[in-house]
Amino acid sequence: MAKGLDVGTMNILSAQQDGNDTVFVQQRNSFVEIDYSDMAEQMLSRSEVLHIRKDDKVYVVGDDALNFANIFNRETRRPMQDGILSSDEKSAIPMMKLIIEQVIGEPDRPGEKLYFSTPADPIDTDLSTLYHQKTIESFLGDMGYDAEPINEGMAVVYSELADNSFTGLGISFGAGMTNVCLSYYAVPVMKFSVARGGDWIDEQAAQATGTPVDKVTSIKEEDFELDFETDVGGVEGALSIYYENLLDYVIDLIVEEVDEEDVEEGLDVPVVVTGGTSSPDGFEALFRDHLEDANIPFSISGVSHADEPLYSVARGGLVAARSDEQEAESADAEGEAAAADE
Ligand SMILES: Nc1ncnc2c1ncn2[C@@H]1O[C@H](COP(=O)(O)OP(=O)(O)OP(=O)(O)O)[C@@H](O)[C@H]1O
Ligand SMILES: [Mg+2]
């Protein structure tokens with residue numbers, strides 16, 4: 001077997017194959033700290049609540065963090081920010097370790113292949129992704145996995161562009177970041193990230209309208225559409241403005257990077273957009289319109305939207321891990337056949 005793992009600023013997901021189905025396990029990348037004395041013992045002993053007890057504190061981790069935060073009137077905290085481990089959050093590593101262990105489980109044999117997503121270095125901040133990547137890699141290794149990083153944009157290409165020989169532009173609009181990768185026959189020819197995504201949209205819209213960020217996020221996730229018909233002056237209007245601004249920002253940077261990387265001009269490639277931030281109705285059409293207006297030096301054969309935007313990256317990791325595993329098996333089989341011939 002083999003697994004894919006999407007390590008995201010808001011969501012952590014695993015993907016694995018079960019017969020013809022791909023099975024996903026998902027947790028929020030979030031936790032809340034509560035005094036042990038406040039917490040009724042039986043709340044924790046509910047076996048499915050992920051938690052760590054440390055001295056007189058209890059940390060409730062993953063999907064349950066938000067419920068517990070509401071009950072105890074606490075704020076949730078996030079181990080990652082802008083696509084990588086948060087430097088402001090000293091408890092980040094043990095929290096993420098617990099979430100990752102829960103979503104991937106034990107390896108089914110020592111050295112099971114696993115590909116985990118990692119962002120490209122952002123071009124608009126001086127953040128480096130190396131420490132983040134090496135930290136995740138090391139605890140996956142400690143768990144017994146043969147873990148390898150896969151660029152998040154490349155994972156989108158593996159997941160969504162198999163029918164096009166893994167050629168095209170994959171873009172993942174996440175919470176902390178947007179990741180872009182241009183792949184040519186499964187070889188990444190240009191990849192970068194920007195440290196803006198859904199969190200940035202929420203923060204900007206919250207600031208502009210004087211609304212708490214959590215409220216903005218829930219309005220956005222509930223029934224917000226990018227139709228530009230509603231709510232001038234309200235939260236939805238502000239969300240639309242910052243959505244459009246993010247799209248333009250990303251498209252401008254694609255044009256710049258393509259120029260810099262000297263990407264071959266004769267290309268004609270499809271574009272796939274995915275990630276939680278691409279969810280609202282109207283996103284795909286808006287992106288297509290703005291891309292058409294941009295001066296991209298190669299031709300775009302079409303823009304599509306992943307069917308399951310939250311699952312693309314984990315699925316792409318799984319595709320990469322399975323293909324590696326199959327190669328290793330056929331190399332073994334050839335080796336055995338050669339040995340038998342001797
Ligand atoms: N239905 C929805 N409508 C609008 N936005 C949504 C919806 N569902 C999720 N989101 C937003 O998508 C983002 C999370 O997406 P995703 O899980 O792809 O990010 P991530 O992988 O955790 O982050 P990153 O890749 O940046 O590290 C959040 O900003 C969330 O608010
Ligand atoms: Mg992501």
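Would you mind finding the longest exposed-site-free stretch of the chain, with exposed trypsin sites (Lys or Arg not before Pro) meaning DSSP loop and at most 10 other Cβ atoms within 10 Å?
91-342
Which FRET efficiency value, to the nearest 0.05, do you get for V187 and E106 by plugging their Cβ-Cβ distance into 1/(1 + (r/R0)^6) with R0 = 30 Å?
Step by step, r from the Cβ atoms, then E = 0.35.
Pick from G153, G144, G210: which residue has the top mean-square fluctuation in a GNM of the chain where Cα pairs under 10 Å get a spring?
The residue that fluctuates most here is G210.
List T76, T274 from most exposed to least, where exposure is judged by having the fewest other Cβ atoms within 10 Å.
Placing the least packed residue first, the sequence is T76, T274.
Among L98, N179, Q81, whose Cα lies farthest out toward the positive end of the dipole of the chain, if unit charges sit on the beta carbon of Lys, Arg (+1) and Asp, Glu (-1)?
The residue sitting most towards the positive pole is L98.
Which of T9, T125 has the fewest other C-beta atoms within 10 Å, and how do the rest follow up to the most?
T125, T9
In the structure shown, do any of K57/K90; K191/K215; K113/K134; K54/K134 have a Cα-Cα gap over 22 Å, and if so which?
K191/K215; K54/K134
Have a look at the DSSP beta bridges in region 162-305 and tell me what percent are antiparallel, nearest 5.
Beta bridges within region 162-305, antiparallel portion: roughly 55 percent.
Antiparallel DSSP bridges in the chain: what percent, to the nearest 5?
Here the antiparallel bridges make up roughly 65 percent for the chain.
Quick one: among G111, G317, G174, which has the greatest mean-square fluctuation in a GNM of the chain with alpha-carbon springs under 10 angstrom?
Looking only at G111, G317, G174, the biggest GNM fluctuation is shown by G111.
Tell me the mean residue ellipticity at 222 nm calculated for the chain from its helices only (DSSP H runs of n ≥ 4, each -39500 (n - 2.57), averaged over every residue, nearest 500).
Here the helix-only value at 222 nm equals -13000 deg cm²/dmol.
Modelling each spin label as a point 7 Å along the Cα-to-Cβ direction, I'd like the S301/S87 distance in nm, to one decimal.
4.3 nm
Using 7 Å Cα-to-Cβ label points, what is the A208/A339 separation (nm, one decimal)?
Distance between the two pseudo-spin positions: 6.5 nm.
Hey, got the dipole for the chain? About the Cα centre, +1 on K and R Cβ, -1 on D and E Cβ, debye to the nearest 20?
1380 debye
What nm value, rounded to one decimal, do you get for the distance between E264 and H290 when each label is placed 7 Å out toward the C-beta?
So the label points at E264 and H290 sit 2.9 nm apart.
Going by Cα centres, region 56-107 and region 268-288 are how many Å apart?
The distance from the Cα centre of region 56-107 to that of region 268-288 comes to 29 Å.
Values quoted throughout were computed directly from the atomic coordinates according to the rules given, and no laboratory measurement underlies them. None of these values were measured; they are calculated from a predicted model. Every residue, glycine as well, gets a Cβ built from its backbone with ideal geometry; the counts of neighbours run over all protein chains shown.
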